[in-house]
Amino acid sequence: MRPRSRLSVFVACVVVSGAMAQGADPTRPLWGGLEPGPNVVGFRSYWEADLGRTYQRPGIDAAPMPRPILVNVWYPAAGEAGAAMEYGDYLRPDADGRFEALERDLAGYERGIVVAEVFGESAESGAGGEPVGLERLFHTPTGVVRDAPRAPGRFPLVLYHAGYGSSYEDNSVLCEYLASLGYVVVGSTFLRADGSSFNIDAQEGSARDLELLVRVACEEWGAEWEHIGMVGHSGGAHTAVRFVSRPDSPARAIVSLDTTQDYHSFEDKRWYDMVPVALAHIADIDVPLLFVARPHATFRMADRLVAAPRLYLTFRDLEHETFVSHGVLGAEFAGRADAPMVRASYLELCRAIGLFLDAELRGSESAREELRTRWEGAALGLAPVVAITVPVGEGPPAPPVGLDRPPTPREAGALLDAGRADEMERLLRKFAGDPRAAPLFADEFGMAACFQLVHTGDEPGARRLLACYAPKEDEYIRMFRSLARFYGSVGAEETSARFAKVAEVLDEGRGAAGHGGG
């Protein structure tokens with residue numbers, strides 16, 4: 001995040017204290033203008049122990065302990081609204097004498113994540129070295145009443161899984177909102193199974209934690225076994241895809257928030273913890289899927305999950321970190337000029353997720369119809385939200401022929417998959433400067449296209465395509481080299497070598513084919 005003036009920090013503090021966005025409900029300042037559902041929302045945070053597994057932090061815990069699983073549950077509450085919980089209380093689960101040291105260390109870790117994701121390294125420091133506004137944020141009321149009695153009856157269940165390096169409350173606004181609509185929402189820390197860090201496990205450890213959370217939610221919080229959805233962001237989206245890939249998965253609808261694989265070809269193996277699993281279980285993934293990404297997404301993996309009905313939403317004004325409420329707050333605290341558009345897009349995302357879950361878990365035809373018509377007429381590269389519906393049985397789009405408009409990113413991906421880099425180059429040059437082609441000139445799209453062509457043997461095509469992204473040729477090559485160094489430093493030699501090869505190929509032929517626009 002860029003450095004901010006004292007004025008912007010002051011404005012951010014005022015924002016958090018109650019004027020977050022035009023039309024904001026003063027009782028829910030962190031929600032902006034998001035309209036709540038009919039339910040008062042309760043929240044509880046406590047520990048369960050999985051006696052069938054052990055957990056130990058190497059060099060810290062003296063002996064193995066039962067696997068600790070934090071249960072964060074947002075739920076429809078009974079009666080009138082009580083005093084709202086302060087935001088900082090999200091980092092204070094009910095004390096549990098079994099895990100005292102873990103609780104203390106986890107609280108420090110989660111606090112550090114909030115500082116990093118909401119305030120950034122360049123935030124102005126106040127007393128004690130913490131960012132100006134941190135305590136004000138922690139004392140801001142949320143949209144929940146802690147430990148409120150739960151409403152009678154049974155409710156659909158939504159599992160929430162945060163991403164790599166994030167904190168368990170990073171999307172609290174969405175979780176609160178879904179509970180107000182009448183869902184039980186359950187999340188956790190999903191601690192790395194080997195105890196090496198507080199980062200998410202995202203593998204078998206997460207899957208088994210999810211299974212326990214489902215049982216607890218259904219037995220203790222009125223959730224319905226037959227109506228279970230899951231929302232995951234980034235690494236949590238990877239986990240959601242793997243979770244629904246299990247033949248015995250209880251999930252009946254999945255929301256994937258920016259897996260980051262959505263922009264890349266299968267030749268880029270950074271996502272090989274997820275892609276092969278999904279493609280090996282296509283027949284098992286037969287529940288509705290909502291994939292949400294940025295406009296340059298090609299949705300290659302999603303397009304191959306043909307047993308499932310799919311909805312793809314792309315948001316022009318969201319970045320990877322602003323698909324969750326932490327990132328939206330970060331944009332506002334930084335005083336970014338686009339913060340109002342980011343907030344508006346995030347609120348639309350929350351509404352879209354609510355509609356999708358209402359349609360698929362509750363069978364609401366009105367929600368299904370609104371999803372079908374809400375973004376009708378949205379134009380590629382111009383609209384804030386673009387929706388693509390893909391029915392069961394439909395795979396990737398066919399490579400387009402004779403286009404008189406820019407190809408969509410999915411169509412451009414189909415051209416590359418079909419070995420038609422020359423046609424892709426022609427279209428990039430033809431539509432350079434056309435606002436509708438903006439997704440095709442996104443840096444990530446250009447880099448991914450060059451990467452794919454190198455690794456499918458079309459090195460000349462990669463060089464020609466690179467020239468369409470001038471004057472960013474040097475920048476792209478530097479980025480590939482930087483990625484090669486990073487993956488080499490963490491021992492991922494094959495991935496490092498792949499990035500190094502792309503940099504070498506592009507550098508050898510740089511500028512040889514002339515320059516296009518963009």
* To do: Name the residue, out of Ala337, Ala367, Ala352, that is free of Cβ contacts under 8 Å to residues at least 12 places away in the same chain, more than 27 Å from Pro399 (Cα to Cα) and not basic (Lys, Arg).
  => Ala337
* Are any of the residues in the stretch 306-316 in the same structural domain as Gln203 (by TED's automatic domain parsing), under 19 Å from the mean Cα position of the chain (by Cα) and among the small types (Gly, Ala, Ser)? -> no
* **Unique residue being acidic (Asp, Glu) and touching a strand residue (DSSP E or B) at 6+ places or on another chain (Cβ under 8 Å) when the list is Asp303, Asp338, Asp317** => Asp303
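Conditions (1) surrounded by 15 or more Cβ atoms within 10 Å (Cβ to Cβ); (2) not assigned by TED's automatic domain parsing to the domain that holds Glu224, marked per residue:
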| site | (1), (2) |
| --- | --- |
| Ala344 | yes, no |
| Gly363 | no, no |
| Pro397 | yes, yes |
| Pro400 | yes, yes |
| Leu403 | yes, yes |
| Gly413 | yes, yes |
| Asp417 | yes, yes |
| Asp422 | no, yes |
| Leu427 | yes, yes |
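Looking at Val241, Val231, which one is more than 9 Å from the chain's Cα centre (by Cα), surrounded by 24 or more Cβ atoms within 10 Å (Cβ to Cβ) and within 16 Å of Ala302 (Cα to Cα)?
Val241
Please give the strands (runs of 3 or more DSSP E) falling wholly within the stretch 249-353 in which 2 or more residues are hydroxyl-bearing (Ser, Thr, Tyr).
Values: elements: 253-257, 289-293, 310-315.
Ranges flagged: 310-315.
Anything in the stretch 59-98 that is part of a helix (DSSP H, G or I) and either under 23 Å from Tyr164 (Cβ atoms) or in contact with a Leu (Cβ under 6 Å, 6 or more places away or on another chain) (or both)? List them, or say none. Spell out the reasoning first.
Going residue by residue through the stretch 59-98, those that are part of a helix (DSSP H, G or I) are 87-91, 97-98.
Tyr87, Tyr90, Leu91 - these are the residues of the stretch 59-98 that are part of a helix (DSSP H, G or I) and either under 23 Å from Tyr164 (Cβ atoms) or in contact with a Leu (Cβ under 6 Å, 6 or more places away or on another chain) (or both).
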* **Among (1) free of Cβ contacts under 8 Å to residues at least 24 places away in the same chain; (2) hydroxyl-bearing (Ser, Thr, Tyr); (3) in contact with an Asp or Glu (Cβ under 7 Å, 6 or more places away or on another chain), the one test that Ser345 misses** => (1)
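Let me confirm something: among Arg246, Arg242, Arg270, which residue is charged (D, E, K, R), touching a residue at least 60 places away in the same chain (Cβ under 8 Å) and assigned by TED's automatic domain parsing to the domain that holds Ala162? Talk me through it step by step, then tell me what you get.
On the way: Arg246 fails: touching a residue at least 60 places away in the same chain (Cβ under 8 Å); Arg242 fails: touching a residue at least 60 places away in the same chain (Cβ under 8 Å).
So the residue among Arg246, Arg242, Arg270 that is charged (D, E, K, R), touching a residue at least 60 places away in the same chain (Cβ under 8 Å) and assigned by TED's automatic domain parsing to the domain that holds Ala162 is Arg270.
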* Qualifying residue in the stretch 252-261 (condition: over 23 Å from Arg362 (Cβ atoms), over 15 Å from the mean Cα position of the chain (by Cα) and in the same structural domain as Leu371 (by TED's automatic domain parsing)) -> no
* Structure fact -> When (1) touching a residue at least 60 places away in the same chain (Cβ under 8 Å); (2) over 19 Å from the mean Cα position of the chain (by Cα) are applied to Arg215, the one that fails is (1)
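Matching residues to (1) among the hydrophobic types (A, V, I, L, M, F, W, C); (2) in contact with a Pro (Cβ under 9 Å, 6 or more places away or on another chain):
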| site | (1), (2) |
| --- | --- |
| Ala414 | yes, yes |
| Glu423 | no, yes |
| Arg436 | no, yes |
| Gln452 | no, no |
| Gly457 | no, no |
| Ala462 | yes, no |
| Glu473 | no, no |
| Phe480 | yes, no |
| Val505 | yes, no |
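Of all residues in the stretch 159-210, which are assigned to a loop (DSSP other than H, G, I, E, B) and β-branched (Val, Ile, Thr)? Can you show your working first?
Of the residues in the stretch 159-210, the ones assigned to a loop (DSSP other than H, G, I, E, B) are 162-171, 181-183, 188-190, 192-199, 201-203.
Within the stretch 159-210, just Thr189 meets the criteria.
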* Structure fact -> The correct count of residues that are of a type outside the set (Gly, Ala, Ser), in a loop (DSSP other than H, G, I, E, B) and either in contact with a strand residue (DSSP E or B) (Cβ under 7 Å, 6 or more places away or on another chain) or in contact (Cβ under 8 Å) with a residue 12 or more places away in the chain (or both) in the stretch 372-427 is 18
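Take the conditions over 21 Å from Gly195 (Cα atoms), assigned by TED's automatic domain parsing to the domain that holds Trp31, in contact with a helix residue (DSSP H, G or I) (Cβ under 7 Å, 6 or more places away or on another chain) and of a type in the set (Lys, Arg) and apply them to Arg146. Does it pass?
Numbers: over 21 Å from Gly195 (Cα atoms): yes; assigned by TED's automatic domain parsing to the domain that holds Trp31: yes; in contact with a helix residue (DSSP H, G or I) (Cβ under 7 Å, 6 or more places away or on another chain): yes; of a type in the set (Lys, Arg): yes.
Spelling it out, Arg146 is indeed over 21 Å from Gly195 (Cα atoms), assigned by TED's automatic domain parsing to the domain that holds Trp31, in contact with a helix residue (DSSP H, G or I) (Cβ under 7 Å, 6 or more places away or on another chain) and of a type in the set (Lys, Arg).
Name every residue in the stretch 302-317 that is among the aliphatic types (A, V, I, L, M) and in contact (Cβ under 8 Å) with a residue 60 or more places away in the chain, in order of residue number. I'd like the intermediate steps shown before the answer.
Residues of the stretch 302-317 among the aliphatic types (A, V, I, L, M): 302, 305-308, 311, 313.
Result: Ala302, Val306, Ala307, Ala308, Leu311, Leu313.
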* Determine the pairs where a residue that is without any contact (Cβ under 8 Å) to a residue 12 or more places away in the chain, located within the stretch 24-43, has a partner that is in a loop (DSSP other than H, G, I, E, B) and not aliphatic (A, V, I, L, M) with Cβ atoms under 6 Å apart, the partner being 6 or more residues away or on another chain. => Ala24/Gly32; Ala24/Gly33
* Asked: Can you pull out the residues in the stretch 488-498 that are in contact (Cβ under 8 Å) with a residue 24 or more places away in the chain and surrounded by 12 or more Cβ atoms within 10 Å (Cβ to Cβ)?
  -> Thr495, Arg498
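Given the options Pro152, Pro131, Pro156, name the one that is farther than 18 Å from Asn72 by Cβ, of a type outside the set (Phe, Trp, Tyr), more than 18 Å from the chain's Cα centre (by Cα) and surrounded by 22 or more Cβ atoms within 10 Å (Cβ to Cβ).
Details: Pro152 fails: surrounded by 22 or more Cβ atoms within 10 Å (Cβ to Cβ); Pro156 fails: farther than 18 Å from Asn72 by Cβ.
Exactly one of Pro152, Pro131, Pro156 is farther than 18 Å from Asn72 by Cβ, of a type outside the set (Phe, Trp, Tyr), more than 18 Å from the chain's Cα centre (by Cα) and surrounded by 22 or more Cβ atoms within 10 Å (Cβ to Cβ), namely Pro131.
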* Asked: Taking Gly377 and the conditions (1) more than 23 Å from Gly446 (Cβ to Cβ); (2) of a type outside the set (S, T, N, Q); (3) at pLDDT 95 or above, which numbered condition does it fall short on, given that it satisfies the others?
  -> (3)
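The values are calculated or read from the model by the stated rules, or taken from the named source; none is laboratory data. The shown structure was predicted, so the numbers you read here are calculated from the model rather than taken from an experiment. Ideal geometry is used to build each Cβ from the backbone, glycine not excepted, and the neighbour counts take in all protein chains shown.
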